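> Can you read through this structure? Questions will come right after.
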Amino acid sequence: MAQIKTEYQYEIFLKKINGLMDIVDDDTLPTDPNYIELDLLTDLVEEYETEHYPIETPSLIDVIKLRMYEMNLTQAKLAEIIGVSSSRVSEYLSGKSEPTLQVAKNIHQKLNINPYIILQ
């Protein structure tokens with residue numbers, strides 16, 4: 001199968017995909033030529049993006065801050081939820097300290113944060 005080799009090709013494929021997205025919808029049959037072309041192009045673009053634009057795992061600090069925002073939590077409320085002091089939460093968020101295994105477990109269970117992110 002073909003492979004995207006340049007940024008220029010990548011941009012062309014993205015434009016073609018955008019055009020096909022206007023044509024292909026949930027009712028389009030998998031045997032439709034536009035559907036097949038869209039499927040092939042998205043696979044090629046995904047492969048290129050994986051190699052040239054990898055998405056790194058977010059840091060625990062960033063994920064905790066995001067979860068605090070999503071749950072509308074203050075540092076004090078977060079501390080209460082995960083069973084530590086407010087100053088300890090401040091240390092986690094500044095990167096001065098890392099959670100113990102028990103606190104990591106609480107973060108996972110109470111904030112629904114992937115354990116892989118917590119233990120990295």
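The values are calculated or read from the model by the stated rules, or taken from the named source; none is laboratory data. Bear in mind the structure is a predicted one, so any value in this text is a computation, not a measurement. Methodologically, a virtual Cβ is constructed for each residue, glycine included, from the backbone with ideal geometry; neighbour enumeration extends over all protein chains shown.
> Please tell me if Leu40 is free of Cβ contacts under 8 Å to residues at least 40 places away in the same chain, farther than 30 Å from Asn114 by Cα and either touching a helix residue (DSSP H, G or I) at 6+ places or on another chain (Cβ under 9 Å) or not in a helix (DSSP H, G or I) (or both).
no
> Taking the criterion of being hydroxyl-bearing (Ser, Thr, Tyr), modelled with pLDDT of 95 or more and out of contact with any helix residue (DSSP H, G or I) (no Cβ under 7 Å at 6 or more places or on another chain), would at least one residue in the range 76-88 satisfy it?
Yes, the conditions are met somewhere in the range 76-88.
> Among the residues of the range 50-62, what is the count of those that are under 14 Å from the mean Cα position of the chain (by Cα) and surrounded by 10 or more Cβ atoms within 10 Å (Cβ to Cβ)? Step through it out loud before you land on a result.
Of the range 50-62, the ones under 14 Å from the mean Cα position of the chain (by Cα) are 50, 53-60, 62.
Checking the rest, the ones that are also surrounded by 10 or more Cβ atoms within 10 Å (Cβ to Cβ) come to 50, 57-60, 62.
Going through the range 50-62 one residue at a time, the tally reaches 6.
> State whether one or more residues within the range 63-70 are surrounded by 11 or more Cβ atoms within 10 Å (Cβ to Cβ), within 24 Å of the chain's Cα centre (by Cα) and of a type in the set (Phe, Trp, Tyr).
The answer is no, given that none of the residues of the range 63-70 is surrounded by 11 or more Cβ atoms within 10 Å (Cβ to Cβ), within 24 Å of the chain's Cα centre (by Cα) and of a type in the set (Phe, Trp, Tyr).
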